[in-house]
Structures are given as structure tokens and as C-alpha cells.
Amino acid sequence: MNLPNGPRYSRFVRLLKFIFKPLEYLDETYQRYGDIVSIERKNSPPLIYLANPQAINRIFSADPGLFEYGGNVRAKSLMTYLWGSNSLMLLDGASHRQVRKLLMPPFHHGNVNKYSQLIDNITDRVTNNWTLNKPMPVRPSIEEITLQVILQVVFGLEKGERYDRLKKLIPSLLNTVSSPASALLIFFSNLRKDWIPFSPWKRFVKIKEEVKQLIYDEIIARRKNSDNSDRTDILSLLISAKDENGNGLSDDELHDQLMTLLLVGYETTVSGICWAFYWIHSLPEVRQKLLEELNTADSKDLDKIAKLPYLTAVCQESLRLYPVAIGASVRTFKYPTNIMGYDLPAGTSLIASIYLVHQREDLYPQPKCFIPERFLQRQYTPYEYFPFGGGNRRCVGAALAMLEMKLVIANIVSNFELELSNERPIAPVRRGLTIAPSPNLEIIATGLRPQKTPVFA
Ligand code: HEM
């Protein structure tokens, strides 16, 4: 069989490299084997990493019926456990199309803009608690902002017992699998044993079950009050949404979509914002240019801020250099196919490698450098730049995530004089299934910019 080349490590060594040094592993395979790499798998056709934009274009624009989603059986069973079997991430074919059609409208560009004021207010509330001249880790504040945004936008929750519990439990849930070592649980099913005392998995299961119950309780409560038509949150829209036959989503379906949105949308957006913070404050010329641009806009005109070209380019470049999701979802061919001259058997799985395409020197000269200007000088196609994946599986929350990134950064950078608290380099590290800045990312707020009224206790 004419398969692409690829590394011949054992599955164990490959997984360890992928877990502990994911970007080095991908760089190494690209340099050695080029932009199509074949990974051997036990008892099944290979897994292909693809970093060729034209071939990725073919995949993203192909008939979705040619693929199955969700990777191998083991990965699928974990995802089913995490999100539920009705999760958009696990559906295929007509049922995927149908649920996506119900889910998409509230996430469209025009619709997410109505959340701008809410994002700005939440950012004000969280940063009002900052203490000047004291080093503080960036991630917890960004987590707090993003969690409040997601709980309000998705659930319409801003106070109450369920809100307080979810606000506490979601970060704990994700933190149990955030370190590279605990990410072993995701990749090695044998470690997922809840009878081992103090095992992180046991803790994970306990928190996950409580979150699940809280989501069901909220759905039931909201169905009882579903005639409150003023609500604009996604749960309300989903409760009232009907397909062309007049059918709505069941409680189980609603639960699985909400759990997916919460878990997938929160962690990714936090890491994207943290990266942008790091670059802005480690490169004085970037910060200066950004401030000059922000000074041209009225800080209350959030629509204008969200359209600022340099701010947009800074966010795009942050998601280019270290994309939070290094690959799009696994697509498995249902039929034999030919990609880049290679004949691949049915059952071959494929990952469009976001990280490797974003590192291509022919598209992004000096790919390891942070250069927002590249996005002002050139328009990239959706298969040259795709931090949110593509085709019929493209991220549902892309517009919301970009809006949040821009508004949170604009708010904080315009209001605070900030600097990194130390010179230690920040490295990309694994956080569960995603890539994030290492946890030592700390800033010091050294002062307030003139328009900010001091509100410190
Ligand atoms: C910076 C933030 C984010 C990044 C980098 C990101 C990235 C991605 C990527 C790469 C995919 C897979 C696409 C593919 O396979 O082609 C995806 C899927 C998805 N994302 Fe996001 N995401 C982000 C934020 C969000 C937010 C805020 C939400 C919702 C609140 C969300 C919900 C989803 C859902 C539901 C899917 C599954 C789509 C499907 O299978 O049809 N994401 N995301």
C-alpha cells in the first residue's frame, strides 16, 4: 500500500511525546516527513497528520458524509462520558446537521454582538478587585471573566445557588485534568479508575456528576418558566427552538449540548486571552501600537472597538502562533480515498494540523515570531489560517470567542498600566486537550490609565 512516511515509535512512546512535548513532536515529524505524515495504529488503518493547505481545503469542503467523527472507540467513549452521547461533537450526518442548525443562530456574528456590554461589565467587575503593585497570575482573573461570560451567555445565569456552585465546580473539574501528568488520564483509559483512593479520576467523576445534576436542575427550572420571552441566553433560545417538523430538544439533548459548550468554550477562550496578554506585555512595540489604536476609539463604543484592525490582528496572531487547539477534530474516512497521491484505505483517520499549517514558513515568514502586521498585509484563506477548524465542524463559538478576546484585552489594556512580573520565558504547555501558556504567567498592575476611576477598597 502506498502510504505517506511517518515515525515508527511504539504507540506508548508516541503518546508520551504527544502528551508531554506536543509541539516539539509535531515540529519534528514535519521537518522529517513533510506535510503529510502517517502514524501506524494497532489493528486499524493509520492516522494521518495533514499540514498541506490545498489538501486541507479538499477535506473541509468535501461532502461531510464521507467521514465519521470522534476518533477511535476509546476516544469516543471518553468524550461520550464527558459531554453525553448527544453532544454536537459526537454527532454525525443528519443529526449533526440538525442540532447544529438549532445551535448556530445565537452564535452568529450579528447575534453575539449583543453580549458586548455584558463582557465589558464583567471585565470591569473582575478587574476592580485587582491590587496595584502586586504580582498576580493572569489565568485566574481571565478564568473568572470567561466563566461569568459563559454562564450568562449560555445559561443566562448571573446569581443564585446554582450559579455559585457551577462557578466553583467548572474550574475545579478542568483543573483535575489540566497538568500534562493528569492529561495521561485522557489518553490512557486504564488509568481512569475511580476505585483508586485519591485518584484524580475519582475527583473528576465526583465533580462532573455534580455539574451534570446542576445542569439538569437548571433545564427543568427553565422549562417551567419558558414563557419569559425577554431572555436572550442560549439555553432559552434552545428551549424554544424547533426544527422544520416542530420538534425541540429533549432534556438529555439540552444537557449534552450545554455541557459541551461549557467545557469546550471556557478553557479554549481563557488560553487564547492569556496568550494575547503575554505577547502584548512582552513586546513593547506591540503594546504601544495597540494603545495608540485604542486611544482613537471611545471606550464605550464597543462595536467600534471590536472592529479595530490592529487589536483584531493581535488576537489573530496569538491564535496563529500557539493555537489553543493544535488540530481539528479527527475525521475518519468511510471509503478508500486518495490524498496528495497516497491511497488511503477506508478507516484511515485524519487530523488537519492547525499548529503545523500556522507554522509554515511559506505562509508565515519567521513563523516563531509574533508579528500581528502579517494579518494587516495579507488575507489568509480558511485553510491557511484556521484556529477554529473548518468545514461543517468549524467551531460554533468562534465569533463569541473572538469578541470576548478583543473586548477583554481592550478593556484591561486601556485601563491598567501592566507589566510582566518577571523575565522568565513563558512556554506552551499541555492543558488537558489544549495548549496553554505555562502557569508562571504573572503580571503587575503598576497604575491606572487616566480614564479609569480608582475603585480599590
Ligand atoms: C479561542 C477559543 C476557541 C478555540 C480556539 C476553539 C477551537 C475549536 C476547534 C479547533 C474546533 C474543531 C473544529 C473542526 O474540527 O474543524 C472547535 C469545535 C467546537 N467548538 Fe470551539 N473553540 C473556541 C471557543 C469556543 C466557544 C466559546 C464555544 C462555545 C461556547 C465553542 C464551541 C465549540 C463546539 C460546540 C464545537 C463542535 C462543533 C461541531 O462539531 O460541529 N468553542 N472549536
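Observations
- Per-region count, the range 117-140, residues under 19 Å from the mean Cα position of the chain (by Cα) and at pLDDT 95 or above: 1
- Taken over the range 226-237, the criterion of being within 27 Å of the chain's Cα centre (by Cα), in a loop (DSSP other than H, G, I, E, B) and farther than 23 Å from Leu82 by Cβ is satisfied by Arg231, Thr232.
- When each of Ala436, Ala445, Ala427 is tested for being modelled with pLDDT under 95, away from the ligand (no atom under 16 Å from the Cβ) and under 21 Å from the mean Cα position of the chain (by Cα), the lone residue that passes is Ala427.
- Test: residue in the range 238-261 that is β-branched (Val, Ile, Thr) and either on the phi > 0 side of the Ramachandran plot or in a helix (DSSP H, G or I) (or both): yes
- Screening Leu185 against (1) in contact with a helix residue (DSSP H, G or I) (Cβ under 7 Å, 6 or more places away or on another chain); (2) modelled with pLDDT of 80 or more leaves a single unmet condition, (2).
- In the range 262-370, counting only helices (runs of 4 or more DSSP H) that sit wholly within it, the ones holding 3 or more residues that are more than 16 Å from the ligand (Cβ to nearest atom) and without any contact (Cβ under 8 Å) to a residue 24 or more places away in the chain span 284-294.
- Lone unmet requirement of (1) out of contact with any Asp or Glu (no Cβ under 7 Å at 6 or more places or on another chain); (2) surrounded by 14 or more Cβ atoms within 10 Å (Cβ to Cβ); (3) over 21 Å from Asp243 (Cα atoms) for Gln117: (2)
- Within the range 237-277, considering residues that are modelled with pLDDT of 90 or more and over 30 Å from Ala436 (Cβ atoms), the one surrounded by the most Cβ atoms within 10 Å (Cβ to Cβ): Glu253
- Yes/no for Arg394 being surrounded by fewer than 21 Cβ atoms within 10 Å (Cβ to Cβ), within 12 Å of the ligand (Cβ to nearest atom), of a type in the set (D, E, K, R) and at pLDDT 95 or above: yes
- All of Gly84, Gly70 fail the test of being in contact with a Lys or Arg (Cβ under 6 Å, 6 or more places away or on another chain), at pLDDT below 90, under 22 Å from Val264 (Cβ atoms) and surrounded by 14 or more Cβ atoms within 10 Å (Cβ to Cβ), apart from Gly70.
- Among the residues of the range 371-390, those that are within 6 Å of the ligand (Cβ to nearest atom) and out of contact with any Cys (no Cβ under 6 Å at 6 or more places or on another chain) comprise Pro387, Gly390.
- Residues that are β-branched (Val, Ile, Thr) and either more than 22 Å from Asp256 (Cβ to Cβ) or within 16 Å of the ligand (Cβ to nearest atom) (or both) number at least 3 in the following helices (runs of 4 or more DSSP H) confined to the range 91-160: 116-127, 138-150.
- Ile234, sole failed condition from (1) of a type outside the set (Gly, Ala, Ser); (2) surrounded by 13 or more Cβ atoms within 10 Å (Cβ to Cβ); (3) modelled with pLDDT of 90 or more: (3)
The values are calculated or read from the model by the stated rules, or taken from the named source; none is laboratory data. Please read these numbers as outputs of a predicted model, since none were measured by experiment. Note: ideal-geometry Cβ built from the backbone for every residue, glycine included; neighbour counts use all protein chains shown.
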